[in-house]
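Asks: Pasting in a structure now, in structure tokens, and then I'll have a few things to ask.
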Amino acid sequence: MPRYAVFGQPIAHSQSPRIHAMFGAQLGIAVDYRAIEAGHGGFTHALDAFARDGGVGANVTLPLKADAFALCATRSDRAQRCGSVNTLVRDGDDWRGDSTDGIGFLRDLERLGFDACGRRVLLLGAGGAARAVAFALADAGARELMIVNRTRERTTELARALRFDGAFGCELAQVGTLDGRYDLVVNATSAGHDGEAFALPPRLLERDALGYDLSYGRAAQSFLAWAREAGAKTASDGLGMLVEQAAESFAIWHGRRPDTGAILAALRD
Ligand code: ATR
């Protein structure tokens with residue numbers, strides 16, 4: 001039976017094996033999908049062993065999206081553009097890379113009734129997940145994209161890569177100087193995963209704003225608490241995006257798309 005897996009560190013908390021099992025059950029497809037712990041050092045070795053063992057498809061999560069991008073022999077256009085890979089497909093003796101984060105993010109915004117077209121967006125983070133989201137937002141017609149990151153050089157580099165007049169960069173330490181009134185604030189940093197929190201000013205949000213954290217569970221708590229406090233109309237974690245990006249990966253591997261609404265509702269229960 002072909003094998004699938006998600007690689008990352010930490011990975012024990014991952015909901016992906018459960019989600020793919022639910023997709024398989026829904027569509028009557030037998031799925032062998034497990035979680036494999038690997039960090040920067042051991043990823044290539046772990047992936048080789050996985051392939052030898054019948055591995056034909058994988059997801060990669062924190063902190064491996066750039067590593068996965070680098071090791072692919074070929075990549076989809078969307079992965080190539082955003083410089084990030086979260087989905088691997090075995091292709092002969094090589095891996096082909098794709099990025100389903102951006103489309104997964106936009107599908108979840110749609111579910112939340114938020115249209116990014118013409119909106120002002122503040123994006124926290126400039127790593128692999130942030131890059132996928134930034135390209136998706138630019139493609140969706142956002143009016144302005146302010147990229148805020150701890151390391152300033154990465155904001156400038158991402159803003160330039162987007163080739164979008166409305167993209168700007170700002171160092172996290174300077175976030176208090178922004179004039180605010182954003183329609184959407186997205187937390188794409190990994191700070192919450194390390195139990196770290198950073199201070200954000202209260203006046204960043206427009207009245208009907210959406211605060212969205214790409215993480216879920218404990219890692220999202222601090223940002224979502226800030227968003228509610230700051231007056232966001234909606235504060236959402238990234239569980240919906242997780243399900244949507246997983247559905248896109250599932251469709252790439254199995255050729256069929258699951259009904260995500262039912263799965264998300266079951267996970268929320
Ligand atoms: P991913 O692929 O999931 O995006 P990543 O590429 O390691 O992971 O990116 C992590 C992001 O979280 C980066 O934007 C990082 O900021 P730096 O570019 O300055 O490293 C951000 N990040 C991680 N820990 C943080 C913290 N404690 N405070 C603020 N930002 C943090």
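Asks: Looking only at the range 149-169, which residues are more than 9 Å from the ligand (Cβ to nearest atom), under 24 Å from residue 199 (Cα atoms) and not in a helix (DSSP H, G or I)? It would help to see each step written out before you state the result.
Replies: Looking only at the range 149-169, we keep the residues that are more than 9 Å from the ligand (Cβ to nearest atom), and these are 156-169.
Pick out the ones that are also under 24 Å from residue 199 (Cα atoms) and you get 156-159, 167-169.
Within the range 149-169, 167, 168, 169 qualify.
Asks: Run down 27, 124, 71 and say which single residue is surrounded by fewer than 19 Cβ atoms within 10 Å (Cβ to Cβ) and closer than 28 Å to residue 194 by Cβ.
Replies: Numbers: 27 fails: closer than 28 Å to residue 194 by Cβ; 124 fails: surrounded by fewer than 19 Cβ atoms within 10 Å (Cβ to Cβ).
Selected residue: 71, the only one of 27, 124, 71 that is surrounded by fewer than 19 Cβ atoms within 10 Å (Cβ to Cβ) and closer than 28 Å to residue 194 by Cβ.
Asks: Where the second residue is open to solvent by 50 Å² or more (accessible area, probe 1.4 Å) and at pLDDT 95 or above and the first is more than 15 Å from residue 98 (Cβ to Cβ) and part of a loop (DSSP other than H, G, I, E, B) and lies in the range 242-265, which pairs have Cβ atoms under 9 Å and are six or more apart or on separate chains?
Replies: Sorted first by the residue in the range 242-265, then by its partner, the pairs are 258/26; 259/26.
Asks: Same structure, new question: Among residues belonging to the range 182-196 that are within 8 Å of the ligand (Cβ to nearest atom) and assigned to a loop (DSSP other than H, G, I, E, B), point out the one that is surrounded by the fewest Cβ atoms within 10 Å (Cβ to Cβ).
Replies: 196
Asks: May I ask you to list pairs of residues, at least six apart or on different chains, whose Cβ atoms are under 8 Å apart, with the first in the range 52-64 being hydroxyl-bearing (Ser, Thr, Tyr) and the second being within 15 Å of the ligand (Cβ to nearest atom) and open to solvent by less than 50 Å² (accessible area, probe 1.4 Å)?
Replies: 61/6; 61/7; 61/8; 61/11; 61/14; 61/16; 61/86
The values are calculated or read from the model by the stated rules, or taken from the named source; none is laboratory data. All values reported here derive from a predicted model rather than from experimental measurement. Every residue, glycine as well, gets a Cβ built from its backbone with ideal geometry; the counts of neighbours run over all protein chains shown. SASA here: full protein model, heavy atoms, side chains in, ligands and nucleic acids out. Shrake-Rupley method; radii C 1.70, N 1.55, O 1.52, S 1.80 Å.
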